[in-house]
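To keep things clear, I will list the structure first and then write my remarks on it.
The values are calculated or read from the model by the stated rules, or taken from the named source; none is laboratory data. Note that the structure is predicted; figures quoted are calculated from it, not measured. Using ideal geometry, Cβ is built from the backbone for each residue, glycine included, and neighbour counts are taken over all protein chains shown. Just the protein is used for accessible areas: all its heavy atoms, side chains included, with ligands, DNA and RNA removed. Shrake-Rupley method; radii C 1.70, N 1.55, O 1.52, S 1.80 Å.
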Amino acid sequence: MAKQDQMDRVVNLAKRRGLVFPSSEIYGGFRSTWDYGPLGVLLKRNVKDAWWRSMVQMRDDVVGLDAAILMAPRVWEASGHLATFTDPLVDCKSCNERFRADQLPESGACPNCGAKDSFTEARNFNLMFKTFVGPVEDDASVAYLRPETAQGIFVNFANVQTTTRKKPPFGIAQVGKSFRNEITPGNFVYRTREFEQMEMEYFVPPEEGAKWFEYWCQERLGWYVDLGIPADQLRLRAHEESELSHYSAGTADVEFMYPWGWGELEGIANRTDYDLTQHGEFSGQDLSYFDQEHDRRYIPHVIEPAAGADRATLAFLLAAYDEEEVPDAKGGTDKRTLLRLDPRLAPIKVAVLPLSKNDQLVPLAGEIADSLRRHFMIDVDVAGSIGKRYRRQDEVGTPLCVTIDFDSLDDRAVTVRDRDTMTQERIAIPELLPMLHERLG
Ligand code: ATP
């Protein structure tokens, strides 16, 4: 399938099946903002949960945090965001469209109207959203929506370290909204002005920075593979010297082969002692750590794996999207669309389908659904032919369908159908739950 076709089909499926809607659609939409629908919210939540599970729950060296979006403006002075969190902006003098100077085509032609040498000089544009706290709109009440979640972690370093008594190496993880006034948002949920990040700051003794940087690069790349993105659609790209921020001792991006080419999914950076040093200086608080074992005091170095929940969700969707020819009931072939999502990410884990709207089958299906509901996200679908209902579930990635037919009334058994292989297996109702647990992992 042509790459652009794949993107169009995924965007179309997302709209049609309630994964992602254009925001404020009844008012004509609103500038590259998107709303996650009933199935999309489940998918994105599963992505965030899988991240939390691997980064926090499965480790004893990482703890969680949920810091506020609004923070003291001094934070952004200390972090350098006020002075340097900018993109170079140019206008096309011919069509007035705006672009990021670092993303213009080599030809020098305007990507919108094609005019040659029509750009203004680049000027720096700060990406932070500004607002006012309280009723008076003056300089003293200016605040910013956070452009990353990381700073909430740095300013709580001492709080977390003293309350948990963690010793470096240890990490603090956080998932939450961030805001950037991007000049050119686009590519669906890949680049938006409001998005969710999944960030972890890993604090290490100064001499261990390089080792942990390497560790986290491999760990994070492996996370996407484990959740079903084929390894050949992923790569780790080390930043060139010229791309590095002045404090970085190394940055690598986990990139995914999006339909338009390689694009960043996640950045992993060795931030040295920059953040804690800056916040120590600007706040006047001591953010060093006393290492009793070696009788020394130091400012921990930081390794930061910073991922985007929306970009990851899009990558999982694109990697899972498939179309195939399958035999139909009349001996011909039929096309089916499916999302080959890992069961951990699938919005609905099990669909419960009574073969028909029969007044004995529907109550039995209801009973089975009730017994499964507390274990899995399930969907009960009674409308339409069973074949159509299977296709509907395939299309949103439901790994297993449980069908209740007339035999079920006598033999107390149901059929479990597998999304990927379409094979069906008869199973006694009392054995259904353990079987589903085993199949869904
Ligand atoms: P890019 O170069 O694509 O603008 P970045 O290098 O500025 O990204 P980081 O600051 O490293 O991004 O942010 C960490 C992660 O947050 C990114 O890898 C991405 O997954 C996510 N992210 C950043 N900006 C956006 C955005 N505008 N929309 C959606 N996700 C984003």
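Given the structure, is residue 208 within 30 Å of residue 4 (Cα to Cα) and either open to solvent by less than 30 Å² (accessible area, probe 1.4 Å) or assigned to a helix (DSSP H, G or I) (or both)? Working first, answer last.
Details: within 30 Å of residue 4 (Cα to Cα): no; either open to solvent by less than 30 Å² (accessible area, probe 1.4 Å) or assigned to a helix (DSSP H, G or I) (or both): yes.
Criteria not met by residue 208.
Okay, residues lined up against (1) out of contact with any strand residue (DSSP E or B) (no Cβ under 9 Å at 6 or more places or on another chain); (2) open to solvent by 40 Å² or more (accessible area, probe 1.4 Å); (3) of a type in the set (S, T, N, Q):
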{"site": "11", "(1), (2), (3)": "no, yes, no"}
{"site": "26", "(1), (2), (3)": "yes, yes, no"}
{"site": "65", "(1), (2), (3)": "no, no, no"}
{"site": "84", "(1), (2), (3)": "no, yes, yes"}
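Looking at (1) in contact (Cβ under 8 Å) with a residue 24 or more places away in the chain; (2) touching a helix residue (DSSP H, G or I) at 6+ places or on another chain (Cβ under 7 Å), which is the one condition that is false for residue 161?
The single condition residue 161 does not satisfy is (2).
Name, by its number, the condition in (1) part of a loop (DSSP other than H, G, I, E, B); (2) of a type outside the set (A, V, I, L, M); (3) within 20 Å of residue 426 (Cα to Cα) that does not hold for residue 357.
Only one criterion in (1) part of a loop (DSSP other than H, G, I, E, B); (2) of a type outside the set (A, V, I, L, M); (3) within 20 Å of residue 426 (Cα to Cα) is unmet by residue 357, namely (3).
Working carefully through the options 31, 59, find the one that is assigned to a loop (DSSP other than H, G, I, E, B), basic (Lys, Arg) and over 26 Å from residue 182 (Cβ atoms). Spell out how you get there, then give the answer.
Details: 31 fails: over 26 Å from residue 182 (Cβ atoms).
Sole residue among the options that is assigned to a loop (DSSP other than H, G, I, E, B), basic (Lys, Arg) and over 26 Å from residue 182 (Cβ atoms): 59.
Report, by residue number, each residue of region 289-308 that is out of contact with any Ser or Thr (no Cβ under 9 Å at 6 or more places or on another chain), among the hydrophobic types (A, V, I, L, M, F, W, C) and within 21 Å of residue 222 (Cα to Cα).
Those that are out of contact with any Ser or Thr (no Cβ under 9 Å at 6 or more places or on another chain), among the hydrophobic types (A, V, I, L, M, F, W, C) and within 21 Å of residue 222 (Cα to Cα): 303, 307.
How about region 402-433: which of its residues are charged (D, E, K, R) and on the phi > 0 side of the Ramachandran plot? Talk me through it step by step, then tell me what you get.
Within region 402-433, the subset charged (D, E, K, R) is 405, 407, 410-412, 417-420, 425-426, 431.
Residue satisfying the conditions is 412 alone.
I'd like to check something: does region 128-143 contain any residue that is within 16 Å of the ligand (Cβ to nearest atom) and in a strand (DSSP E or B)?
Pass one, region 128-143, residues within 16 Å of the ligand (Cβ to nearest atom): 128-129.
With the extra rule that they be in a strand (DSSP E or B), the set shrinks to none.
Checking region 128-143: not a single residue is within 16 Å of the ligand (Cβ to nearest atom) and in a strand (DSSP E or B).
Residues checked against (1) more than 16 Å from the ligand (Cβ to nearest atom); (2) in a strand (DSSP E or B); (3) at pLDDT below 95:
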| residue | (1), (2), (3) |
| --- | --- |
| 269 | no, yes, no |
| 290 | yes, yes, no |
| 297 | yes, yes, no |
| 345 | yes, no, no |
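Within region 161-179, can you find the residues that are within 30 Å of residue 36 (Cβ to Cβ) and either touching a Phe, Trp or Tyr at 6+ places or on another chain (Cβ under 8 Å) or more than 16 Å from the ligand (Cβ to nearest atom) (or both)?
171, 172, 173, 175, 177, 178, 179
Tell me, please, whether a residue that is outside any strand (DSSP E or B), exposed (fewer than 12 other Cβ atoms within 10 Å of the Cβ) and not polar (S, T, N, Q) can be found in region 388-399.
As a first pass, look at region 388-399 and keep what is outside any strand (DSSP E or B): 388-399.
In the following step, the residues that additionally are exposed (fewer than 12 other Cβ atoms within 10 Å of the Cβ) were identified as 388.
Of the ones still in play, those that are also not polar (S, T, N, Q) are 388.
Yes - at least one qualifying residue is present in region 388-399.
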